[in-house]
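One structure is given below, encoded as structure tokens.
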Amino acid sequence: MWSCLAADRIGFLLSYAIEDGAMTDNKVRKIVIVGGGTAGWMAAAALSELLPAGHHYRLIESDQISTIGVGEATIPSIRNFNLHLGIDENDFIRATQGTFKLGIEFVNWGKPGDNYIHGFGSVGRDQPTANFFHYWLKMHQMGHAPSLEPYAINTVAARMGKFSRGRPDLPNSPLSDLSYAFHFDAGLYARYLRSYSEARGVQRTEGKIVDTVLRADGFIEAVVMENGQRIEADFFIDCSGLAGLLIEQALHTGYEDWSHWLPCDRAIAVPCESHGTMQALTRSTAHKAGWQWRIPLQHRTGNGHVFSSKFMDADEAQAILMNNLDGRPLAEPRLLKFTTGKRKKAWNKNCVAIGLAGGFMEPLESTSIHMVKTALMRLISFFPDRGFDQVDIDTFNRLCDNEYAQIRDFLICHYKVNGRDDSDFWRYVREMDVPVSLQRKLDLFASHGRILRENEELFPEDSWLQVMHGQGMRPRSYNPVVDQRSPQDIADFLNGTAQVIRKCVDAMPGHAEFIRANCQAGAVKKAA
Ligand SMILES: Cc1cc2nc3c(=O)[nH]c(=O)nc-3n(C[C@H](O)[C@H](O)[C@H](O)COP(=O)(O)OP(=O)(O)OC[C@H]3O[C@@H](n4cnc5c(N)ncnc54)[C@H](O)[C@@H]3O)c2cc1C
């Protein structure tokens, strides 16, 4: 009799715990996301879709504090994010006035007049014993292969204004290597993810947070709104932008400043009317103390001038930007300030900083939104209970640090390897010391054109290759393994590769035509 009653009681308690998420277990139940920019809504969408049921999500954003309003170019990993969330790509492009992106065109970077593309996807086809590049390099050094471009399908397609989706189902075709990303309107993207998240139960609170309450052990207990409301949670995701409202202002986590390696610390952004052919490319044009982005969208073009305030004042930077727009400006230019670097810990106590709150490196390779995605996927892998095991937190932070450092090195490489002599800025970045990890990569390439991708780093060999080569670096030699094949055999291999790529690209539709047929957005309503 006694044991029967006890079993009933245990059953009752268990069902209570499961139904109500009562405090009988150690699970994180209440999650507060601070910030409704790209990072905040990506977090809301990913967590509400991918974590098991039983959490309550609240996203807080303030109409008084605007989002950064830029961040419109991505890299191919964004497609995985959409895939995880079950987002239909054409629907998403339509809703965000998006376009496709096959790579980035770098203008005037190596030296004024230079132009190269860092295309996503492969350059040529690697052979069992050596990468394609070494065959090309041998012929190049013999004076027979002037350019790398004809061997990269993304580059050829982008130059010709073409686009189509890749065909992984055709493993022997260059189309299988065609990899792409998107450009989109940042405001529309946040709006799109907001309706996605709200449909999954995320509750939105509009209002300004004015205070943070800490527990005795330093964990965050609650945030306090301007109207006095106190909002408690087990776990806080800080997506509050550059200010780092929780991670820095409340938890004083500290920031690692990398501006000695990446001295750009300002950007002026302005949209303009679209003009001319819509290429599936972000364009980055180097100027005297930084560079200018151009991002083609369906309804407008996004532009910005990223520069170093140590080498140029904002008036001059703005004048350069406004003199180099393709069409009529559609808004007043906006000045944005940032410090390149990262928080000392992305995850501190019961708070994870994602997006600009976690750190920022300039958008030269469109990596920030990607890092929001990887931080979210990592968070899901290391999702805590209310014990907040330190080993999980430390591992999460170590993985974030590695990712930051690897991307940092790739960005620095664009500056370090330059042959410009027209300003103090370019001389400084060429002569500066770089991290040892990058110097090793540069030395390895300079010797025999070898590139080593280590520790699951984001950018593959062909990305490093296109940038180092594009910036004007030429290895002293090539991998002697390619001497196994005769020069004539290698020449035939290169010609055959270029011909097949050209045939595939000729058969592709134009980029604008592809959008019209598959994912054209409606006209944008003009404000009255
Ligand atoms: C010049 C520049 C260009 C960029 N270009 C690219 C690019 O091409 N590709 C790319 O991947 N990334 C790019 N980025 C980065 C990208 O813009 C960001 O990673 C992305 O937009 C995420 O921003 P966020 O959501 O972290 O912050 P924000 O957009 O700044 O959002 C912050 C949110 O926090 C809220 N908030 C702040 N304080 C409070 C408070 N006290 N109370 C309540 N709410 C608060 C705000 O209301 C807002 O909703 C660029 C960044 C810059 C600076």
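The values are calculated or read from the model by the stated rules, or taken from the named source; none is laboratory data. All figures in this text were calculated on a predicted structure; none of them were measured in a lab. Reconstructed Cβ throughout: ideal geometry from the backbone, glycine too, with neighbour counts over all protein chains shown.
Only one of 284, 274, 240 is hydroxyl-bearing (Ser, Thr, Tyr), within 15 Å of the ligand (Cβ to nearest atom) and either surrounded by fewer than 20 Cβ atoms within 10 Å (Cβ to Cβ) or closer than 30 Å to residue 28 by Cα (or both). Can you tell me which?
240
So residue 420 ticks every box in (1) farther than 21 Å from residue 31 by Cα; (2) surrounded by 22 or more Cβ atoms within 10 Å (Cβ to Cβ); (3) in contact with a helix residue (DSSP H, G or I) (Cβ under 7 Å, 6 or more places away or on another chain) but one. Which box is left unticked?
(2)
Exactly one condition in (1) in a helix (DSSP H, G or I); (2) modelled with pLDDT under 95 is not met by residue 453; state its number.
For residue 453, the failing item is (1).
In segment 81-98, what count of residues is obtained for those that are within 14 Å of the ligand (Cβ to nearest atom) and touching a Leu at 6+ places or on another chain (Cβ under 6 Å)?
Qualifying residue count for the region: 1.
Of the numbered conditions (1) closer than 23 Å to residue 476 by Cβ; (2) outside any helix (DSSP H, G or I), residue 443 fails exactly one; give the number of that condition.
(2)
Quick check on this structure: which one of 249, 298, 279 is in contact with a Leu (Cβ under 9 Å, 6 or more places away or on another chain) and not in a strand (DSSP E or B)?
Selected residue: 279, the only one of 249, 298, 279 that is in contact with a Leu (Cβ under 9 Å, 6 or more places away or on another chain) and not in a strand (DSSP E or B).
How many residues does segment 52-80 contain that are part of a strand (DSSP E or B) and near the ligand (Cβ under 7 Å from one of its atoms)?
Total meeting the criteria: 3.
Identify, from the list 130, 44, the residue that is assigned to a helix (DSSP H, G or I), out of contact with any Cys (no Cβ under 8 Å at 6 or more places or on another chain) and either at pLDDT below 95 or within 16 Å of the ligand (Cβ to nearest atom) (or both). Outline the logic, then answer.
Numbers: 130 fails: assigned to a helix (DSSP H, G or I).
Sole residue among the options that is assigned to a helix (DSSP H, G or I), out of contact with any Cys (no Cβ under 8 Å at 6 or more places or on another chain) and either at pLDDT below 95 or within 16 Å of the ligand (Cβ to nearest atom) (or both): 44.
Taking into account only those residues within segment 296-315 that are of a type in the set (S, T, N, Q) and farther than 12 Å from residue 267 by Cβ, which is farthest from the chain's Cα centre (by Cα)?
Our first condition is that a residue be of a type in the set (S, T, N, Q); within segment 296-315, this holds for 298, 301, 303, 308-309.
Now drop any that are not farther than 12 Å from residue 267 by Cβ, which leaves 298, 301.
Values: 298: 21, 301: 19 Å.
Within segment 296-315, the match that is farthest from the chain's Cα centre (by Cα) is 298.
Is one or more of the residues making up segment 92-108 acidic (Asp, Glu), in contact (Cβ under 8 Å) with a residue 12 or more places away in the chain and farther than 27 Å from residue 50 by Cβ?
Yes - at least one qualifying residue is present in segment 92-108.
Restricted to segment 28-41, and to residues that are of a type in the set (A, V, I, L, M, F, W, C) and near the ligand (Cβ under 7 Å from one of its atoms), which residue is farthest from residue 267 (Cα to Cα)?
34
Can you tell me which residue within segment 481-509, out of those that are of a type outside the set (Asp, Glu) and free of Cβ contacts under 8 Å to residues at least 24 places away in the same chain, is farthest from residue 125 (Cα to Cα)?
507
Answer yes or no: is there a residue in segment 498-511 that is surrounded by 21 or more Cβ atoms within 10 Å (Cβ to Cβ) and in a loop (DSSP other than H, G, I, E, B).
Looking through segment 498-511, none of the residues is surrounded by 21 or more Cβ atoms within 10 Å (Cβ to Cβ) and in a loop (DSSP other than H, G, I, E, B).
Show the residue pairs that are 6+ apart or on different chains and have beta-carbon atoms under 7 Å apart, the first residue being within segment 359-380 and within 19 Å of residue 68 (Cα to Cα) and in contact (Cβ under 8 Å) with a residue 12 or more places away in the chain, the second being more than 11 Å from the ligand (Cβ to nearest atom) and hydroxyl-bearing (Ser, Thr, Tyr).
359/404
Go through segment 456-494 and give me each residue that's among the small types (Gly, Ala, Ser), assigned to a loop (DSSP other than H, G, I, E, B) and farther than 15 Å from residue 136 by Cβ.
Hits for segment 456-494 are 472, 486.
Is one or more of the residues making up segment 446-455 farther than 30 Å from residue 92 by Cα, touching a His at 6+ places or on another chain (Cβ under 8 Å), without any contact (Cβ under 8 Å) to a residue 40 or more places away in the chain and among the basic types (Lys, Arg)?
No, segment 446-455 contains no residue that is farther than 30 Å from residue 92 by Cα, touching a His at 6+ places or on another chain (Cβ under 8 Å), without any contact (Cβ under 8 Å) to a residue 40 or more places away in the chain and among the basic types (Lys, Arg).
Go through segment 385-413 and give me each residue that's of a type outside the set (A, V, I, L, M, F, W, C) and in contact with a helix residue (DSSP H, G or I) (Cβ under 6 Å, 6 or more places away or on another chain).
409
Filter the strands (runs of 3 or more DSSP E) completely within segment 312-384 down to those with at least 3 residues that are surrounded by 22 or more Cβ atoms within 10 Å (Cβ to Cβ) and either modelled with pLDDT of 95 or more or away from the ligand (no atom under 16 Å from the Cβ) (or both).
351-353
One line per residue, one yes/no per condition, for (1) touching a Leu at 6+ places or on another chain (Cβ under 7 Å); (2) surrounded by fewer than 22 Cβ atoms within 10 Å (Cβ to Cβ); (3) among the hydroxyl-bearing types (Ser, Thr, Tyr):
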site: 34; (1), (2), (3): yes, no, no
site: 37; (1), (2), (3): no, no, no
site: 40; (1), (2), (3): yes, no, no
site: 46; (1), (2), (3): yes, no, no
site: 51; (1), (2), (3): no, yes, no
site: 65; (1), (2), (3): no, yes, no
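Report, by residue number, each residue of segment 146-205 that is part of a loop (DSSP other than H, G, I, E, B), in contact (Cβ under 8 Å) with a residue 60 or more places away in the chain and more than 16 Å from the ligand (Cβ to nearest atom).
Listed by number, the residues that qualify are 148, 152, 160, 161, 163, 164, 173, 178, 179, 200, 201.
For segment 289-299, what are the residues that are buried (at least 20 other Cβ atoms within 10 Å of the Cβ), of a type outside the set (A, V, I, L, M) and more than 13 Å from the ligand (Cβ to nearest atom)?
Of everything in segment 289-299, just one residue is buried (at least 20 other Cβ atoms within 10 Å of the Cβ), of a type outside the set (A, V, I, L, M) and more than 13 Å from the ligand (Cβ to nearest atom), namely 298.
Do you know which of the residues in segment 423-437 that are surrounded by fewer than 20 Cβ atoms within 10 Å (Cβ to Cβ) and part of a helix (DSSP H, G or I) is nearest to the chain's Cα centre (by Cα)?
Across segment 423-437, the extreme among qualifying residues is 437.
Being buried (at least 20 other Cβ atoms within 10 Å of the Cβ) and of a type in the set (Val, Ile, Thr): is that true of residue 231 here?
No; evaluated as a whole, the condition is false for this residue.
Give the residue, chosen from 523, 517, 512, that is among the small types (Gly, Ala, Ser) and either over 28 Å from the mean Cα position of the chain (by Cα) or more than 25 Å from residue 75 (Cα to Cα) (or both).
523
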